[in-house]
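S.K.: A single structure is presented below for examination.
Values in this text are rule-based calculations from the coordinates and carry no lab data. Keep in mind it's a predicted model, so treat the numbers as computed, not measured. In this analysis, Cβ positions are derived from the backbone assuming ideal geometry, glycine residues included, and neighbour counts consider all displayed protein chains.
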Amino acid sequence: MIFPDYHLHSSFSSDSSADMADNIKNAKENGITSICITDHYDIDFPVRPDEPEMDFQLDYETYIKYMSELKKKLYPDFDLRIGVEMGLMYDSKEKCSDFVKAHPEFDFIIASIHVVDNLDPYYPEYFSDKSDKEGYMKYFETILDVVKKYNDYNVFGHLDYILRCGKTKADFFDIKDYYDVFHEILKTIIQNGKGIELNTAGLYKGLGFCHPHKDILKIYKELGGEIITVGSDSHDAKHIGYGFDLAKDILLDTGFKYYCTFKGQKEEFHSIS
Ligand SMILES: [Zn+2]
Ligand SMILES: [Zn+2]
């Protein structure tokens with residue numbers, strides 16, 4: 001069993017030049033017969049003057065039209081679902097809600113935090129006035145603020161993405177330091193009927209583990225979390241399905257028996273076997 005890949009990007013994303021034909025080809029070569037494309041849409045992204053092309057806007061009308069036509073062409077041999085990775089900031093959540101509500105044609109919505117304090121922590125200046133631990137906590141508290149107020153998504157993306165960005169990455173990560181905030185985040189996500197993803201990009205982005213860390217995944221399971229998708233966060237086709245064998249072991253070891261796919265933003269459960 002290989003999971004459908006529920007987090008990947010194409011050239012519709014500012015930071016990807018992956019061609020959809022290559023995405024489909026690589027998926028098939030990896031034995032994957034279904035993917036959900038989730039290109040970026042970060043409303044109000046703070047564009048840097050030195051990188052004007054990195055605006056993370058989405059030409060969604062063209063995107064939906066292009067993907068819908070491709071989906072028809074591929075069916076029934078290949079099951080393409082159409083999603084979006086919404087980059088949320090606390091102050092843009094109403095705009096994000098309006099967008100999601102106006103577009104029921106999306107099968108799947110990932111909510112992700114890419115910006116805190118108007119800075120993408122991918123850039124080192126986010127940490128210029130904070131220790132790694134302070135920067136990480138601020139990111140997690142931002143997720144908590146958002147999940148308490150925002151409901152227009154299906155799964156929350158890469159919950160501990162920030163661990164990739166600090167100077168010490170996850171070298172000193174100890175769940176005890178963040179247990180309370182994750183307990184609250186995950187409880188809120190579950191109570192609101194939403195889910196999380198297991199994102200394998202951490203494996204090839206210098207962390208050596210998937211997002212979220214298994215100690216966070218354990219809290220989700222213990223709190224009764226069931227909705228979980230698996231995605232590679234591929235930006236260049238070659239990472240599609242990356243580490244999915246390991247993802248399967250992690251899910252089974254943590255006690256998950258099912259993973260999810262989405263159609264029309266409704267979850268579908270499938271046995272992990
Ligand atoms: Zn992301
Ligand atoms: Zn992504």
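S.K.: List pairs: first in the range 122-146 and within 16 Å of Leu186 (Cα to Cα) and touching a residue at least 40 places away in the same chain (Cβ under 8 Å), second crowded, with 17+ Cβ neighbours inside 10 Å and among the basic types (Lys, Arg), Cβ under 7 Å, 6+ apart or cross-chain?
M.R.: Matching pairs, first to second residue: Val146/Lys93.
S.K.: Still on this structure: Scanning the range 90-117 for residues that are in a loop (DSSP other than H, G, I, E, B) and within 18 Å of Thr38 (Cβ to Cβ), which turns out nearest to ligand 2 (Cβ to nearest atom)? Explain how you work it out, then say what you get.
M.R.: The first filter runs over the range 90-117 and keeps only residues in a loop (DSSP other than H, G, I, E, B), leaving 103-107, 113-115, 117.
From what is left, the residues that are within 18 Å of Thr38 (Cβ to Cβ) are 103-107, 113-115.
Details: His103: 18, Pro104: 22, Glu105: 20, Phe106: 15, Asp107: 16, Ile113: 12, His114: 9, Val115: 14 Å.
Checked the range 90-117; the qualifying residue nearest to ligand 2 (Cβ to nearest atom) is His114.
S.K.: Scan the range 36-73 for residues that are in contact with a His (Cβ under 9 Å, 6 or more places away or on another chain) and more than 16 Å from ligand 1 (Cβ to nearest atom) and report the count.
M.R.: 2
S.K.: Anything in the range 170-182 that is over 11 Å from Phe140 (Cβ atoms) and crowded, with 16+ Cβ neighbours inside 10 Å? List them, or say none.
M.R.: Scanning the range 170-182 gives Ala170, Phe173.
S.K.: Condition first: more than 21 Å from Lys169 (Cα to Cα) and either more than 16 Å from the chain's Cα centre (by Cα) or crowded, with 24+ Cβ neighbours inside 10 Å (or both). Can you find one or more residues in the range 198-213 that meet it?
M.R.: Our first condition is that a residue be more than 21 Å from Lys169 (Cα to Cα); within the range 198-213, this holds for none.
There is no residue in the range 198-213 that is more than 21 Å from Lys169 (Cα to Cα) and either more than 16 Å from the chain's Cα centre (by Cα) or crowded, with 24+ Cβ neighbours inside 10 Å (or both).
S.K.: Looking only at the range 118-146, count every residue that is out of contact with any strand residue (DSSP E or B) (no Cβ under 9 Å at 6 or more places or on another chain), away from ligand 2 (no atom under 16 Å from the Cβ) and not charged (D, E, K, R) and tell me the total.
M.R.: 11
S.K.: Taking the condition within 16 Å of ligand 1 (Cβ to nearest atom) and in contact (Cβ under 8 Å) with a residue 12 or more places away in the chain, does His114 pass?
M.R.: Working: within 16 Å of ligand 1 (Cβ to nearest atom): yes; in contact (Cβ under 8 Å) with a residue 12 or more places away in the chain: yes.
Yes; evaluated as a whole, the condition is true for this residue.
S.K.: Hey, Leu223 hits all of (1) in contact with a Ser or Thr (Cβ under 7 Å, 6 or more places away or on another chain); (2) of a type in the set (A, V, I, L, M); (3) more than 16 Å from ligand 1 (Cβ to nearest atom) but one; which does it fall short on?
M.R.: (1)
S.K.: Further question: Counting only residues that are among the charged types (D, E, K, R) and farther than 29 Å from Val100 by Cβ, which one in the range 152-179 is farthest from ligand 1 (Cβ to nearest atom)?
M.R.: Step one: of the range 152-179, the residues among the charged types (D, E, K, R) are 152, 160, 164, 167, 169, 171, 174, 176-177.
Within this subset, residues satisfying the condition of being farther than 29 Å from Val100 by Cβ are 167, 169, 171, 174, 176-177.
Working: Lys167: 21, Lys169: 17, Asp171: 22, Asp174: 24, Lys176: 26, Asp177: 23 Å.
In this case the residue turns out to be Lys176.
S.K.: Answer with yes or no whether Ile35 is under 18 Å from Pro76 (Cα atoms), of a type in the set (Val, Ile, Thr) and in contact with a strand residue (DSSP E or B) (Cβ under 6 Å, 6 or more places away or on another chain). Step through it out loud before you land on a result.
M.R.: Working: under 18 Å from Pro76 (Cα atoms): yes; of a type in the set (Val, Ile, Thr): yes; in contact with a strand residue (DSSP E or B) (Cβ under 6 Å, 6 or more places away or on another chain): yes.
Taking the combined requirement at face value, the residue satisfies it.
S.K.: Spot the failing condition for Lys101; the list is (1) basic (Lys, Arg); (2) over 21 Å from Ser16 (Cβ atoms); (3) surrounded by 12 or more Cβ atoms within 10 Å (Cβ to Cβ), and only one is missed.
M.R.: Here Lys101 clears every test but (3).
S.K.: Applying the selection to the range 147-166, what residues are within 13 Å of ligand 2 (Cβ to nearest atom) and among the aromatic types (Phe, Trp, Tyr)?
M.R.: Hits for the range 147-166 are Phe156, Tyr161.
S.K.: In this structure, does Tyr6 turn out to be within 16 Å of ligand 2 (Cβ to nearest atom), assigned to a helix (DSSP H, G or I) and either surrounded by fewer than 16 Cβ atoms within 10 Å (Cβ to Cβ) or not polar (S, T, N, Q) (or both)?
M.R.: Numbers: within 16 Å of ligand 2 (Cβ to nearest atom): yes; assigned to a helix (DSSP H, G or I): no; either surrounded by fewer than 16 Cβ atoms within 10 Å (Cβ to Cβ) or not polar (S, T, N, Q) (or both): yes.
No, not satisfied.
S.K.: Let me ask something else. Among Thr254, Thr229, Thr200, Thr188, which is the only one that is within 16 Å of ligand 1 (Cβ to nearest atom), free of Cβ contacts under 8 Å to residues at least 60 places away in the same chain and among the hydroxyl-bearing types (Ser, Thr, Tyr)?
M.R.: Values: Thr254 fails: within 16 Å of ligand 1 (Cβ to nearest atom); Thr229 fails: free of Cβ contacts under 8 Å to residues at least 60 places away in the same chain; Thr188 fails: within 16 Å of ligand 1 (Cβ to nearest atom).
Within the list Thr254, Thr229, Thr200, Thr188, the selection yields Thr200.
S.K.: When only residues in the range 147-169 that are crowded, with 23+ Cβ neighbours inside 10 Å and hydroxyl-bearing (Ser, Thr, Tyr) count, which is nearest to Tyr126 (Cα to Cα)?
M.R.: That would be Tyr161.
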